[in-house]
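J.: After the structure tokens below, expect a handful of questions from me.
A short reminder: the numbers here are calculations on the coordinates, not readings from a lab. Quick caveat: nothing in here was measured; it's all calculated off a predicted structure. Cβ sites come from the backbone with ideal geometry, for glycine too, and all protein chains shown count toward neighbours.
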Amino acid sequence: MTATANHKPTVLVLDDDIPVLSSLQFLLETHDFAVRTFRSGAAMLDWAVLHPSDCIVVDYKMPELDGLQVAEQLRARGIATSVILITGFPDDSIYLKAAAAGIQQVLLKPLFEDSLVAHITDILPMAAAIPELRSGDLRTCT
């Protein structure tokens, strides 16, 4: 994938596990995405309302707000950005719960990196069609 001269696709990533978060940030940046990371669902929600993105990646098992709750809150706040749920704790109903929360994809840990990049790349044509989903320079939040 190549980014345009003016716009790198923006991905927000939520995970409370710092090594996983750092690994995902590195992976996505090496594939030419602009990445903003978060360790709390509340922080991501506050940011996402004010700063549109092209894709959002959320971990399922999180303290306070889990990934499903974050996706539900995004939708309740009018944010239509595509969401990918990552989880190391799949159960029989996770796919139904994810769909009900407005999540486009569920990827299983630990071996999801290549699949994650492919899914984000597939989502980007949808985001590119909506200019207001684009945002600028990003940093890490906790």
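J.: Given axes a ≥ b ≥ c from the Cα gyration tensor, I'd like to know whether region 19-69 is rounded (a/c under 1.5), prolate (a/b larger than b/c) or oblate. All intermediate terms of the calculation are to be shown ahead of the outcome.
T.: On the way: a/c = 2.26, a/b = 1.30, b/c = 1.74.
Oblate, since a/c reaches 1.5 and b/c is not below a/b.
J.: Counting other Cβ atoms within 10 Å of each Cβ, which GluC sites (Glu not before Pro) in region 26-84 have at most 12 and sit in a DSSP loop?
T.: Working: sites: E29, E64, E72; in loops: E64.
The qualifying sites are E64.
J.: What are the trypsin sites (Lys or Arg not before Pro) within region 54-102 that DSSP puts in a loop, where the Cβ has at most 16 other Cβ atoms within 10 Å? Intermediate values should be presented prior to the final figure.
T.: Details: sites: K61, R75, R77, K97; in loops: K61, R77.
Those that pass, being in a loop and sparsely packed, are K61, R77.
J.: Between L27 and A100, what is the spin-label point distance in nm, taking each point 7 Å from the Cα along the Cα→C-beta axis?
T.: Between L27 and A100, the simple spin-label model gives 2.8 nm.
J.: Less than 27 Å apart at the alpha-carbon level, and either on another chain or at least 8 residues along: which lysines does that give for K8?
T.: Partners within reach: K109.
J.: Give, in nm to one decimal, the length gained when the segment between E64 and R77 is fully stretched (0.36 nm per residue of separation minus the Cα-Cα distance).
T.: Values: separation 13, 0.36 × 13 = 4.68 nm, distance 1.82 nm.
Extra length from E64 to R77 when fully extended: 2.9 nm.
J.: Which aspartates and glutamates does K61 reach when only Cα atoms under 20 Å apart count, and residues fewer than 8 places away in its own chain are ignored?
T.: D15, D16, D17, D46, E72, D91, D92, E113
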